[in-house]
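Worksheet: one structure, shown below.
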Amino acid sequence: LERYFNNQAGWAEGSDYLPERFLKEPSDSGGSKGQVTELDEMLAEYYQLRGWKDGVVPEEKLKELGIL
């Protein structure tokens with residue numbers, strides 16, 4: 001419901017982002033040491049798992065959830 005509200009307020013593909021340093025600077029601690037965030041791949045997988053299309057909740061998903 002929150003994402004649907006955000007979509008109505010203009011959020012769409014490209015609205016989900018992280019600070020640039022997370023995308024360019026390797027982590028220096030913990031289990032992610034030396035890793036850089038692969039945001040595009042992560043978002044694609046997250047959107048798919050949620051049933052969203054390019055960051056937007058489709059009408060079919062809203063109906064499935066009983067929102068529409």
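Average projection, convex hull of the Cα set of the chain: 5.5 square nanometres. Annotated for the chain: lysine pairs at least 8 residues apart or interchain, Cα distance under 28 Å, count 4. Taking each residue as 0.36 nm, the span from Gln35 to Glu60 lengthens on full extension beyond its C-alpha to C-alpha distance by 5.4 nm.
Assuming charge only on the beta carbon of Lys and Arg (+1) and of Asp and Glu (-1), the dipole of the chain about its Cα centre is about 160 debye to the nearest 20. Taking θ as phi - 60° and the Karplus parameters 6.51, -1.76 and 1.60, the scalar couplings of the range 14-21 work out to x, 7, 8, 8, 10, x, 3, 4 Hz in sequence order, x denoting glycine and proline. Axis of helix 39-50 versus longest Cα principal axis of the chain: the two differ by about 30°, to the nearest ten degrees.
Each residue of the range 57-68 was assigned a 3J(HN,Hα) from its phi angle through the Karplus expression (A = 6.51, B = -1.76, C = 1.60, θ = phi - 60°), giving 6, x, 4, 4, 5, 4, 5, 4, 8, x, 8, 10 Hz with x at Gly and Pro.
Taken together, the values in this text are just the output of simple stated rules run on the coordinates, not laboratory data. Values in this document were obtained by computation on a predicted structure and should not be read as measured data. Note that each Cβ is placed from the backbone with ideal geometry, even for glycine, and that neighbours are counted across all protein chains shown.
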